[in-house]
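Enquirer: My questions will all concern the structure given below.
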Amino acid sequence: MKKFIIFFLSIFFIFLFYFFNDSYGYSIEAKAYFSIGEYQKAEELAEKAYQLDKYNRMAFTILTQSKIAKQWKQYIQTSKEYFFNIESISNKEKITNADKIRVKMMLELIIGEYKFLKHSKLLDKKLEEEAEKQYKKGKELYNGIFKKRDG
């Protein structure tokens, strides 16, 4: 019984510490936003938490991971825009040399940028899978169009 009371009081004091400490309050909120994929909001809150307490490891971790996740999300968004532009070019009646160069550059960016993305164990697997799908699609399209002509 004595151990239970000590355990309960410990949990209660830890809760009070987190509840009344703004840095950890922001960290917990940032973690919630991170877990639902709102990386911008998570980064902002984690930054606030980190500025209040430089020793807040949760804030630092969420801040770092949010930045990494935003890079992955940006890669996916940019890749989709490039594929839309490539499709628009391919639907033209006459494709110019400038169009071909533009398509090649967009595909090379999709392929090249993927290699610079930082991997993390905390990153959402769906984000990684979607980025890899974009990368493979870009590589396959590049090889189908340009490999035969370049080599």
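The values are calculated or read from the model by the stated rules, or taken from the named source; none is laboratory data. For clarity, every value in this text was computed on a predicted model and none was experimentally measured. When we count neighbours, we look across all protein chains shown, and the Cβ atoms used for this are built from the backbone with ideal geometry, even at glycine.
Enquirer: Please go through the stretch 100-127 and pick out each residue that is surrounded by 15 or more Cβ atoms within 10 Å (Cβ to Cβ) and either of a type in the set (Phe, Trp, Tyr) or assigned to a helix (DSSP H, G or I) (or both).
Expert: Selection gives 102, 103, 104, 106, 107, 109, 110, 111, 113, 114, 127.
Enquirer: Are there any pairs, at least 6 apart or on different chains, whose C-beta atoms fall under 7 Å, with the first in the stretch 102-120 and under 19 Å from residue 67 (Cα atoms) and the second at pLDDT 95 or above and of a type in the set (Phe, Trp, Tyr), and if so, which?
Expert: Once the first residue is under 19 Å from residue 67 (Cα atoms) and sits in the stretch 102-120, its partners that are at pLDDT 95 or above and of a type in the set (Phe, Trp, Tyr) give 113/75; 114/75; 114/135; 117/72; 117/75.
Enquirer: Please tell me if residue 99 is more than 23 Å from residue 26 (Cβ to Cβ) and out of contact with any Pro (no Cβ under 6 Å at 6 or more places or on another chain). Please lay out each step first, then the result.
Expert: Values: more than 23 Å from residue 26 (Cβ to Cβ): yes; out of contact with any Pro (no Cβ under 6 Å at 6 or more places or on another chain): yes.
Spelling it out, residue 99 is indeed more than 23 Å from residue 26 (Cβ to Cβ) and out of contact with any Pro (no Cβ under 6 Å at 6 or more places or on another chain).
Enquirer: State whether the residues of the stretch 75-82 include one that is modelled with pLDDT of 95 or more, in contact with an Asp or Glu (Cβ under 7 Å, 6 or more places away or on another chain) and within 26 Å of residue 33 (Cα to Cα). Give the steps one after another, and end with the answer.
Expert: Pass one, the stretch 75-82, residues modelled with pLDDT of 95 or more: 75-82.
Applying the additional criterion that residues be in contact with an Asp or Glu (Cβ under 7 Å, 6 or more places away or on another chain) yields 75-76.
Within this subset, residues satisfying the condition of being within 26 Å of residue 33 (Cα to Cα) are 75-76.
Yes, the conditions are met somewhere in the stretch 75-82.
Enquirer: Could you tell me whether residue 89 is of a type in the set (Val, Ile, Thr), modelled with pLDDT of 90 or more and surrounded by 19 or more Cβ atoms within 10 Å (Cβ to Cβ)? Walk me through how you get there before you give the answer.
Expert: On the way: of a type in the set (Val, Ile, Thr): yes; modelled with pLDDT of 90 or more: yes; surrounded by 19 or more Cβ atoms within 10 Å (Cβ to Cβ): no.
For residue 89, the condition - of a type in the set (Val, Ile, Thr), modelled with pLDDT of 90 or more and surrounded by 19 or more Cβ atoms within 10 Å (Cβ to Cβ) - is not met.
Enquirer: Under the condition of being surrounded by fewer than 16 Cβ atoms within 10 Å (Cβ to Cβ) and closer than 16 Å to residue 120 by Cα, which residue from the stretch 19-70 is farthest from the chain's Cα centre (by Cα)?
Expert: Filtering first and then ranking leaves 35.
Enquirer: Ok, one more. Tell me which residues, restricted to the stretch 15-46, are over 11 Å from residue 59 (Cα atoms), at pLDDT 85 or above and among the aromatic types (Phe, Trp, Tyr). Show your work before the answer.
Expert: Within the stretch 15-46, the first condition is being over 11 Å from residue 59 (Cα atoms), and the residues that meet it are 15-22, 32-41.
Then keep just the ones that are at pLDDT 85 or above; that gives 32-41.
Passing the criteria: 33, 34, 39.
Enquirer: Select from the stretch 57-68 the residues that are touching a residue at least 12 places away in the same chain (Cβ under 8 Å), more than 13 Å from residue 29 (Cβ to Cβ) and not hydrophobic (A, V, I, L, M, F, W, C) and list them in ascending order.
Expert: 61, 65, 67
Enquirer: Looking at the stretch 29-42, which of its residues are without any contact (Cβ under 8 Å) to a residue 12 or more places away in the chain, in a helix (DSSP H, G or I) and not basic (Lys, Arg)?
Expert: Taking the stretch 29-42 first, the residues without any contact (Cβ under 8 Å) to a residue 12 or more places away in the chain are 32, 35-36, 38, 41.
From what's left, in a helix (DSSP H, G or I): 32, 35, 41.
Correct list: 32, 35.
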